[in-house]
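Visitor: For reference, the structure I am asking about is given below.
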2 protein chains.
Amino acid sequence: MITGSLALGIDIGGTNTSFGLVDRRGQIVAQGRMKTTGYYTVHEYIDALVKSLQPLLTQVGIENISGAGVGAPNANYYTGEIAYAANLPWEGVIPLAKLIGDALRLKVTITNDANAAALGEMIYGAAKGMKDFIMVTLGTGVGSGFVANGQLVYGHDGFAGEFGHVIAVRGGRQCGCGRQGCLETYSSATGIVRTAKEWLAERKEDTVLRGQEAELTAHTIHMAAEAGDKMALEIFDFTGRILGQTLADAVAITSPEAIIFFGGLAKAGPLILEPTRRYMEENLLKVFKNKISFLPSSLQDADAAILGASALVW
Amino acid sequence: MITGSLALGIDIGGTNTSFGLVDRRGQIVAQGRMKTTGYYTVHEYIDALVKSLQPLLTQVGIENISGAGVGAPNANYYTGEIAYAANLPWEGVIPLAKLIGDALRLKVTITNDANAAALGEMIYGAAKGMKDFIMVTLGTGVGSGFVANGQLVYGHDGFAGEFGHVIAVRGGRQCGCGRQGCLETYSSATGIVRTAKEWLAERKEDTVLRGQEAELTAHTIHMAAEAGDKMALEIFDFTGRILGQTLADAVAITSPEAIIFFGGLAKAGPLILEPTRRYMEENLLKVFKNKISFLPSSLQDADAAILGASALVW
């Protein structure tokens with residue numbers, strides 16, 4: 001099947017879709033983007049996607065493209081379907097790989113966005129050469145990709161890596177999944193905002209966050225912490241504690257060489273990674289202490305998703 | 001390297017060492033056992049092991065043996081060492097694979113007992129043909145072997161699968177590892193006895209367990225529950241709840257086809273597996289519900305360990 005020298009990588013996010021043509025060395029030779037939203041059906045979306053891709057495909061010649069890889073929330077590697085994606089505009093189960101494949105006449109492989117990011121890091125990024133690592137994406141939710149023996153762990157049915165739905169606090173915060181205390185209700189971009197709002201309601205102390213409850217984002221809290229705001233710093237410590245404790249348990253199961261962080265909240269850098277690492281180390285079983293690398297993603301934001309998705313092709 | 005048609009499997013337990021010669025179809029063609037304890041040094045133990053093995057080796061001819069696989073607590077697949085094994089008589093770090101290999105002039109591979117059991121189940125037992133499953137051994141502690149993409153997950157340094165040391169109850173019972181709330185302080189043969197002793201001290205109700213605190217074992221509690229004793233039944237429910245909740249988190253990470261149970265406490269059968277399954281299902285993320293098989297090991301006790309260890313050779 002593999003004859004061309006380029007792979008098409010498509011990253012479908014809740015708001016934007018990015019795509020690019022990637023050569024075997026991981027160079028993006030052409031790229032573009034479009035809105036994910038604003039189409040009545042997934043079929044209209046795919047028509048628009050094909051139209052957006054056309055200039056790129058014509059430019060390099062479709063015969064030079066080996067296939068397409070797609071990263072999207074809730075995408076299943078085995079079935080080629082997207083199922084009940086809370087952050088995408090399409091309801092129910094969508095046979096995404098088939099729809100895109102038929103439209104482009106290319107072999108299409110899909111996986112969830114965190115798995116795609118893990119592949120991107122393994123082939124082109126911070127995890128190059130590693131065989132056992134955990135990729136954690138701290139965005140609207142918490143995504144993860146577990147790599148063991150040099151392979152992504154998809155699990156029996158393709159739904160492995162739901163680290164964001166490990167119970168971090170038993171009986172804790174209500175999660176969109178219907179359960180309570182999931183990691184992502186605490187240690188995601190939305191979780192950290194939830195913490196700030198709770199604390200502002202419960203506590204009386206002075207903080208620059210007070211008065212801006214309605215517009216709070218992970219970025220606002222990040223800026224406040226950078227400026228030395230005590231509550232904002234404490235919020236990062238708390239968020240890192242929950243994440244670090246939960247990572248210690250994932251380490252006990254998979255014994256990774258490194259944990260790699262990506263996504264909006266990870267951009268806070270040491271503010272989130274330092275407490276996460278400290279609490280993880282405190283909670284690690286002795287044999288794992290002081291030997292797991294903590295790395296931010298080494299790929300550019302826009303590139304990582306495209307590279308990761310394209311890596312599905314090779 | 002592999003020329004012979006037989007593999008030597010050695011299972012080193014805290015009390016006994018079992019060994020056997022296994023053919024490629026998983027038939028144990030000869031076997032024996034000896035004490036693990038009673039030797040001043042590991043060297044004396046290995047001398048005795050070689051002496052015990054001699055009749056078997058002479059019988060089949062050493063040239064017909066491809067190699068030896070050893071299952072032992074705290075054994076590391078990558079280093080060939082046993083490190084700080086709490087349940088073995090030897091202290092510190094022991095280069096076990098090298099010592100046995102030199103003594104027998106065979107290639108020796110070692111791994112921990114739960115990983116060996118997982119291999120045994122995958123090749124000859126309940127997990128035959130499965131590519132993604134979790135093996136859980138409920139003995140003195142809780143051991144585990146995680147199989148993903150048809151391969152054991154050893155992790156970067158060979159210490160993966162420490163499911164017994166996932167924190168099941170934050171701030172919970174003191175564990176021998178120095179941390180608090182590890183799964184094995186609740187859901188092992190020793191954990192269930194600890195629960196019984198705590199409850200007998202705290203509660204006043206009538207139970208056949210009262211008065212036999214000093215001699216309580218998992219088996220006594222099992223017998224009491226079989227006879228309908230209310231507290232004993234409740235103890236099994238509690239033990240299964242902690243195990244089931246913790247398994248739900250491991251499922252979110254690895255998405256297994258099945259979970260296979262082995263070891264002393266697993267012998268209580270439905271008494272432990274029914275509540276474990278019920279609480280796991282209650283705590284599962286929707287995509288995993290009602291599709292994970294719960295299976296007891298299909299191998300005979302003594303055989304499983306030998307078969308699993310021998311499977312390291314092929």
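The values are calculated or read from the model by the stated rules, or taken from the named source; none is laboratory data. Model, not experiment: these values are computed from the prediction. Every residue, glycine among them, receives a Cβ derived from its backbone with ideal geometry; neighbour counts consider all protein chains shown.
Visitor: Is it the case that segment B:253-264 has a residue that's in a helix (DSSP H, G or I), within 22 Å of the chain's Cα centre (by Cα), within 14 Å of another protein chain (Cβ to nearest Cβ) and closer than 21 Å to B:G145 by Cα?
Guide: Looking through segment B:253-264, at least one residue is in a helix (DSSP H, G or I), within 22 Å of the chain's Cα centre (by Cα), within 14 Å of another protein chain (Cβ to nearest Cβ) and closer than 21 Å to B:G145 by Cα.
Visitor: Inspect segment B:35-49 for any residue being part of a strand (DSSP E or B) and over 18 Å from the mean Cα position of the chain (by Cα) and give the result as yes or no.
Guide: There is at least one residue in segment B:35-49 that is part of a strand (DSSP E or B) and over 18 Å from the mean Cα position of the chain (by Cα).
Visitor: On to the next question. Mind checking which residues of segment A:175-203 are of a type in the set (D, E) and either buried (at least 23 other Cβ atoms within 10 Å of the Cβ) or touching a residue at least 12 places away in the same chain (Cβ under 8 Å) (or both)?
Guide: A:E184
Visitor: Among the residues in segment B:188-197, are any part of a loop (DSSP other than H, G, I, E, B), over 27 Å from A:Y77 (Cα atoms) and out of contact with any strand residue (DSSP E or B) (no Cβ under 7 Å at 6 or more places or on another chain)?
Guide: Scanning segment B:188-197 turns up no residue that is part of a loop (DSSP other than H, G, I, E, B), over 27 Å from A:Y77 (Cα atoms) and out of contact with any strand residue (DSSP E or B) (no Cβ under 7 Å at 6 or more places or on another chain).
Visitor: Of all residues being part of a loop (DSSP other than H, G, I, E, B) and more than 8 Å from chain A (Cβ to nearest Cβ) in segment B:170-187, which is farthest from B:Y279 (Cα to Cα)? Just the residue, please.
Guide: By that ranking, first place goes to B:G176.
Visitor: Answer with yes or no whether B:E234 is away from every other protein chain (no Cβ under 14 Å) and modelled with pLDDT under 95.
Guide: Working: away from every other protein chain (no Cβ under 14 Å): yes; modelled with pLDDT under 95: no.
Considered against the rule, which asks whether it is away from every other protein chain (no Cβ under 14 Å) and modelled with pLDDT under 95, B:E234 comes out as no.
Visitor: Within segment B:141-155, identify whether any single residue is more than 14 Å from chain A (Cβ to nearest Cβ) and in contact with a helix residue (DSSP H, G or I) (Cβ under 8 Å, 6 or more places away or on another chain), and answer yes or no. Even if it seems obvious, please write down each step before you answer.
Guide: So the first thing to find is which residues in segment B:141-155 are more than 14 Å from chain A (Cβ to nearest Cβ), and the list is none.
No, the conditions are met nowhere in segment B:141-155.
Visitor: Tell me the residue from A:E281, A:E213 that is over 16 Å from A:Y186 (Cα atoms) and either of a type in the set (S, T, Y) or more than 14 Å from chain B (Cβ to nearest Cβ) (or both), please. Show your work before the answer.
Guide: Numbers: A:E281 fails: either of a type in the set (S, T, Y) or more than 14 Å from chain B (Cβ to nearest Cβ) (or both).
Just a single option satisfies the conditions, and that option is A:E213.
Visitor: With the checklist (1) at pLDDT 95 or above; (2) part of a helix (DSSP H, G or I) in hand, flag the one item B:A309 doesn't pass.
Guide: Just one mismatch for B:A309, condition (1).
Visitor: Something else: Give the residues of segment A:141-162 that are polar (S, T, N, Q) and crowded, with 24+ Cβ neighbours inside 10 Å, sorted by residue number. Talk me through it step by step, then tell me what you get.
Guide: Going residue by residue through segment A:141-162, those that are polar (S, T, N, Q) are A:144, A:149, A:151.
Across segment A:141-162, the qualifying residue is only A:S144.
Visitor: Go through B:L216, B:L273 for me and flag whichever is assigned by TED's automatic domain parsing to the domain that holds B:G139, on the phi < 0 side of the Ramachandran plot and in contact with a strand residue (DSSP E or B) (Cβ under 7 Å, 6 or more places away or on another chain). Talk me through it step by step, then tell me what you get.
Guide: Values: B:L216 fails: in contact with a strand residue (DSSP E or B) (Cβ under 7 Å, 6 or more places away or on another chain).
Exactly one of B:L216, B:L273 is assigned by TED's automatic domain parsing to the domain that holds B:G139, on the phi < 0 side of the Ramachandran plot and in contact with a strand residue (DSSP E or B) (Cβ under 7 Å, 6 or more places away or on another chain), namely B:L273.
Visitor: A further question on this structure: Scan segment A:29-88 for residues that are out of contact with any Phe, Trp or Tyr (no Cβ under 9 Å at 6 or more places or on another chain) and among the acidic types (D, E) and jot them down.
Guide: Hits for segment A:29-88 are A:E44, A:E63, A:E81.
Visitor: Looking at segment A:237-252, which of its residues are at the interface with another protein chain (Cβ under 8 Å from one of its Cβ atoms) and under 21 Å from the mean Cα position of the chain (by Cα)?
Guide: Hits for segment A:237-252 are A:Q245, A:A248, A:D249, A:A250.
Visitor: Select from segment B:120-154 the residues that are at pLDDT below 95 and among the basic types (K, R) and list them in ascending order.
Guide: Selection gives B:K128 alone.
Visitor: Can you find even one residue in segment B:82-93 that is touching an Asp or Glu at 6+ places or on another chain (Cβ under 6 Å), farther than 15 Å from B:L307 by Cα and hydrophobic (A, V, I, L, M, F, W, C)?
Guide: Scanning segment B:82-93, I find at least one residue that is touching an Asp or Glu at 6+ places or on another chain (Cβ under 6 Å), farther than 15 Å from B:L307 by Cα and hydrophobic (A, V, I, L, M, F, W, C), so the answer is yes.
Visitor: Among the residues of segment A:204-224 satisfying the criterion of being surrounded by 12 or more Cβ atoms within 10 Å (Cβ to Cβ) and not in a loop (DSSP other than H, G, I, E, B), which is farthest from the chain's Cα centre (by Cα)?
Guide: A:E213
Visitor: Here are A:T137, A:T109: which of them is within 30 Å of A:Q27 (Cβ to Cβ), more than 12 Å from chain B (Cβ to nearest Cβ), buried (at least 24 other Cβ atoms within 10 Å of the Cβ) and not aliphatic (A, V, I, L, M)? Walk me through it before giving the result.
Guide: Numbers: A:T109 fails: buried (at least 24 other Cβ atoms within 10 Å of the Cβ).
Of the residues listed, the single one that is within 30 Å of A:Q27 (Cβ to Cβ), more than 12 Å from chain B (Cβ to nearest Cβ), buried (at least 24 other Cβ atoms within 10 Å of the Cβ) and not aliphatic (A, V, I, L, M) is A:T137.
Visitor: Has segment B:236-243 got at least one residue that is assigned to a loop (DSSP other than H, G, I, E, B) and in the same structural domain as B:E198 (by TED's automatic domain parsing)? Steps first, please.
Guide: Taking segment B:236-243 first, the residues assigned to a loop (DSSP other than H, G, I, E, B) are none.
Within segment B:236-243 (the criterion being assigned to a loop (DSSP other than H, G, I, E, B) and in the same structural domain as B:E198 (by TED's automatic domain parsing)), the answer is no, since none of the residues qualifies.
Visitor: Please work out if A:G161 is within 11 Å of chain B (Cβ to nearest Cβ) and free of Cβ contacts under 8 Å to residues at least 40 places away in the same chain.
Guide: When the stated conditions are applied, A:G161 does not pass them.
Visitor: If you take the residues in segment A:265-298 that are under 13 Å from the mean Cα position of the chain (by Cα) and farther than 14 Å from A:F236 by Cβ, which one is surrounded by the most Cβ atoms within 10 Å (Cβ to Cβ)?
Guide: Selected residue: A:S297.
Visitor: While we're looking at this one, here's another question. Being under 27 Å from B:F146 (Cα atoms) and out of contact with any Lys or Arg (no Cβ under 8 Å at 6 or more places or on another chain) is the requirement here; does A:R203 meet it?
Guide: no
Visitor: In addition: Among A:L243, A:L265, A:L247, A:L284, which is touching a residue at least 12 places away in the same chain (Cβ under 8 Å) and more than 22 Å from B:V169 (Cβ to Cβ)? Spell out how you get there, then give the answer.
Guide: On the way: A:L243 fails: more than 22 Å from B:V169 (Cβ to Cβ); A:L247 fails: more than 22 Å from B:V169 (Cβ to Cβ); A:L284 fails: more than 22 Å from B:V169 (Cβ to Cβ).
After ruling out the rest, the residue left standing is A:L265.
Visitor: Further question on the same structure: Does B:Q31 meet the test of being exposed (fewer than 15 other Cβ atoms within 10 Å of the Cβ) and over 16 Å from B:W90 (Cβ atoms)?
Guide: no
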